[in-house]
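Single-structure report; data block below.
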Amino acid sequence: MIVTHFSYASDGGAGRAGRRASLACQAVGLTSTFVCITGESSNPTEIVLPTHKRSTVTPDEVLSTTLTDHIQWDFIAARRTELSNTLLSIPYPGADLLQHRLLTSADIIHLHWPTWGITPNTIAAWLDEGRSVFWTLHDFWPMTGGCHYPAGCEQYRTACMKCPQLEHDQGLIANGFAEKLFSYQDRGSLHILAPSEWMARAAQQSAIFHRRPITVVRNPVELSVFAPLRNRQELRSAFGISPKDLLIIFGTADLMERRKGVCFLVEAMRELVTTGELSSILSSGGRVHIATLGKSADLVEFSGVFPITFGTIDSDAVMSDVLGIADVTCVPSLEDNYPNVIIESLACGTPCIITPVGGMTEMVSDGHTGVVVSEAGSVSAFKDGILRFAREYHGRHEMREHCRSTVELENSPQVIGEQLKSLYLGPGHRPLQPSLQGQSRTAKGSRTPAIREHWPSETNLEIQTRMAKAFARTSVTRDPRPGREFLRFPLNLLVLDHVADSEIVRSMAIDEKEPRSARTRLISVRTYHEHHSGHSGPYQFLRHLPRSEYDSSHFAVPLGSELAGEMGGSYRKAGALMGLRAFGQQGNAWLAEAEVLAEAAAQKIDVIHCIDGEHAGWLLSMAPPELFKEKTRPKLVVTFHQPPAILSQMINGVLIKRYDGIVALCKSQQSYLEKYVDPRQVFLIPHGVDTAFFRPAPVTVARRNDGTFRMLLVGHWLRDLKLAFAVFESLLAEGLEIELTVVSPRASIRKNHERLIFRSGLTDGELREAYWSADALFLPLTDATANNAVLEAMACGVPVISTDVGGVSEALGNDAGILCPAGDAEAFAKAVQRLALNMDDRTRMATAGRRRAEALDWSVIGRMHHEMYSELGHRTSVIES
């Protein structure tokens with residue numbers, strides 16, 4: 001059996017783990033090589049493929065440069081949010097490895113970190129050919145739209161639609177997710193491996209891998225290299241460290257990566273050193289030493305301690321010495337899978353202090369091989385963990401022995417090699433049949449003599465060394481061409497701005513895709529609003545459509561006309577002539593509808609749903625059936641969001657009749673729309689809420705209890721802010737102890753008062769915390785259909801004080817809050833006084849609100865949309881009728 005392990009780079013966590021996995025395979029007699037595109041080989045069986053550079057600039061080279069320079073390192077870098085600075089990447093450009101003999105000769109292809117090396121297109125082609133592909137998940141990237149760690153986001157479970165780590169992403173994340181879903185979900189023999197049970201559970205819950213076999217296989221480590229030191233004290237003495245001293249070591253690839261939590265550890269150490277609390281625990285004369293590893297290590301400063309700064313260490317032997325002399329290794333990560341530094345440290349007999357996150361608690365047993373602190377991201381928790389280690393375990397040789405024995409049992413190359421060999425030989429992953437053992441595959445399925453036949457008398461290691469030398473001379477070219485799902489609107493227009501030969505992009509933008517099954521083929525189109533998030537926005541129901549019944553494409557359309565360029569003015573004029581002035585201002589939406597029409601002309605589409613009907617769908621409604629695939633017009637569905645008074649200025653009374661389905665969010669809107677169309681075309685489907693995320697505050701969340709009644713006002717559209725501030729000021733004048741927090745992007749509404757707090761730019765988590773801190777949602781409105789703030793407050797168990805307009809009463813249900821007449825300041829003041837003085841009412845409304853929110857969970861709303869699509873599928877199109 002020939003196994004090829006691949007990682008883009010030979011260094012980094014995934015590269016090191018991939019190299020070790022290859023060595024583990026060799027340890028059990030498999031012919032295994034490790035292949036990368038960049039880095040250095042550390043033994044004769046590792047191959048760094050040279051990249052071939054063309055002598056002339058070709059369109060492919062221009063596209064490669066665009067994807068690398070303009071998209072990866074310019075566009076993405078300029079739009080990162082404060083949530084995370086961990087790498088967020090696109091797959092392209094990769095390397096043209098589809099027909100490389102090193103890969104076509106392998107019985108097993110084992111991926112570790114294919115980003116920028118092996119593209120989704122190549123993996124899909126291998127799977128379609130029947131190749132056996134194994135993939136170890138060293139981070140989340142294979143199952144997300146681009147992030148390598150989600151920073152708490154769970155959209156990978158359904159679909160990446162609105163990335164909290166990237167602003168104004170022009171469809172980059174949604175397209176990246178769609179391409180992976182299309183490339184990996186339903187093809188061939190793909191087996192997922194995870195170093196930790198934590199990562200395995202995430203993969204089982206993901207939309208992309210949930211139907212794949214998933215196995216936990218730990219990362220191996222070279223036990224002969226990473227081993228306890230015979231001369232440990234001599235080496236410590238060379239650094240001026242005595243047996244009584246405490247040497248704490250920590251580090252990562254880049255200490256400035258926020259996910260690694262180094263700032264919390266540094267602050268904990270600073271406080272311990274400054275106060276002398278840590279030194280006081282040590283034996284008489286014992287001192288505290290701190291050593292740092294990795295990039296930016298020299299930026300970490302302590303007062304009172306001169307740290308030992310090792311920086312980036314490229315030698316495993318040196319790393320083993322450094323870890324071996326330490327008393328403890330600290331790993332304060334906020335998110336982590338299966339860090340190499342932990343198994344390397346344990347293999348050297350050095351225990352670890354870790355946070356209780358990710359797969360790390362599977363690596364370190366509290367009190368046995370180290371200390372697990374009580375909480376991640378907590379300075380005090382890490383201080384307590386360090387003090388506990390110094391007090392109870394410093395100098396205990398039995399703990400160091402436990403560390404080594406644990407790794408020998410769980411991470412030895414022999415143990416991991418046998419596990420991998422068993423998986424490779426398992427059902428569905430068998431090597432070539434005996435009659436074909438002397439042959440191997442090519443990309444086209446033909447057979448060529450296998451490499452091993454040339455050296456029948458040599459050992460496995462000799463064969464692998466010869467293979468490495470031979471293949472190391474075979475160069476590769478860059479493979480820049482993304483798949484259709486990735487290069488979809490509006491990202492294709494962004495790429496077109498930089499590519500000289502636009503036909504390259506246009507040729508990939510639309511092609512005919514073979515249907516995978518009898519699933520409903522759905523295209524959804526929504527307007528990209530920055531205030532929507534991974535947990536809010538009217539598109540959330542898409543996550544809850546039955547996975548097995550839909551093949552979906554999703555278009556997120558930026559507001560405005562910047563993509564339309566000089567044509568924006570013409571679109572505005574045309575919109576005015578159509579009586580659709582608001583739609584005419586959205587030139588980007590006109591371009592999006594052209595893209596949707598092109599896709600529906602290339603392949604059979606069952607349903608097109610324009611989720612923001614005010615801004616989309618009007619051009620599609622005019623398209624005759626002859627323009628669509630098989631001359632069959634998809635069922636066209638729109639959702640309207642504005643109340644009748646505003647909606648009347650945004651619709652065309654003739655074109656609206658051409659929609660097969662119209663979603664109304666409340667009864668007043670439904671009644672208004674039924675004046676224009678057959679009532680059977682209108683479906684009442686209320687707005688939903690993510691009740692798993694927006695939930696009542698845990699008991700661990702502390703609340704201020706100083707007698708102040710805290711109100712929260714969220715948003716700006718159709719809010720009666722003038723009334724809100726008037727009521728607030730009148731209640732303050734009456735002596736009521738109240739506070740009002742306004743969460744809104746509108747700077748113009750600011751008023752000066754110490755009890756009036758303005759906030760903007762909140763993350764999903766910060767918004768939820770704002771609800772948790774509030775005693776009531778205070779939301780005077782001028783009009784409404786559905787309202788996110790009302791639903792989110794109810795889901796968080798917060799009583800609502802709002803206006804009895806539009807669909808608010810339908811959303812609120814019975815006894816979840818107090819509704820006041822529009823513009824009635826006195827009624828609002830009485831409502832606030834009632835809740836401020838009556839805890840029983842607040843508790844009762846909170847319970848009723850949560851119960852009502854659960855009835856409006858997005859899973860319920862998703863089922864209602866599924867039922868609507870099913871019903872429309874059995875109806876004759878309104879155009880045909």
In the range 556-610, the trypsin sites (Lys or Arg not before Pro) that sit in a DSSP loop and have at most 15 other Cβ atoms within 10 Å of their own Cβ are K604
Here the convex hull volume per residue of the chain, taken over Cα atoms and given in Å³, is 184 Å³
For the chain the mean separation of alpha carbon contacts under 8 Å (6+ apart) over residue count, i.e. relative contact order in percent, is 11 percent
Counting only DSSP beta bridges fully inside the range 716-817, the antiparallel percentage to nearest 5 is 10 percent
Rh_Kirkwood(the range 340-411) over Cα pairs, Å, one decimal, evaluates to 12.1 Å
Over the chain, the sum of -39500 (n - 2.57) across DSSP H runs of at least four, divided by residue number and rounded to 500 deg cm²/dmol, gives at 222 nm -10000 deg cm²/dmol
Bridge orientation stat for the chain from DSSP, antiparallel percent rounded to 5, came to 10 percent
Links exceeding 19 Å between C-alpha atoms in this model, out of K573/K631; K635/K657; K573/K657; K260/K383, come to K573/K631; K573/K657
Of every hundred units of 1.4 Å-probe accessible area on the chain, the number belonging to carbon and sulfur atoms, as a percent, is 51 percent
For the chain, dividing by residue count, accessible area per residue (probe 1.4 Å) in Å² works out to 39 Å²
Expressed in square angstrom to the nearest 10, the accessible area of W116 with a 1.4 Å probe stands at 50 Å²
Per DSSP, the loop-located trypsin sites (Lys or Arg not before Pro) within the range 20-87 having at most 15 other beta carbons within 10 Å are K53, R54
Counting only DSSP beta bridges with both partners in the range 283-396, the antiparallel fraction in percent, to the nearest 5, comes to 0 percent
Quick calc of log₁₀ I(q)/I(0), the range 215-314, Debye, one scatterer on every Cα, no solvent, q values 0.15, 0.21, 0.23 1/Å, result -0.76, -1.19, -1.26
Cα extents of the range 615-771 per principal axis, largest first, Å, are 68, 35, 27
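The values are calculated or read from the model by the stated rules, or taken from the named source; none is laboratory data. Predicted model, so just to flag it, every value in this text is computed and none were measured. Counting neighbours? That spans all protein chains shown, and the Cβs are built from the backbone with ideal geometry, glycine included. The protein model used for the area step is the full one, side chains on, heavy atoms only, and it has no ligands, DNA or RNA in it. Shrake-Rupley method; radii C 1.70, N 1.55, O 1.52, S 1.80 Å.
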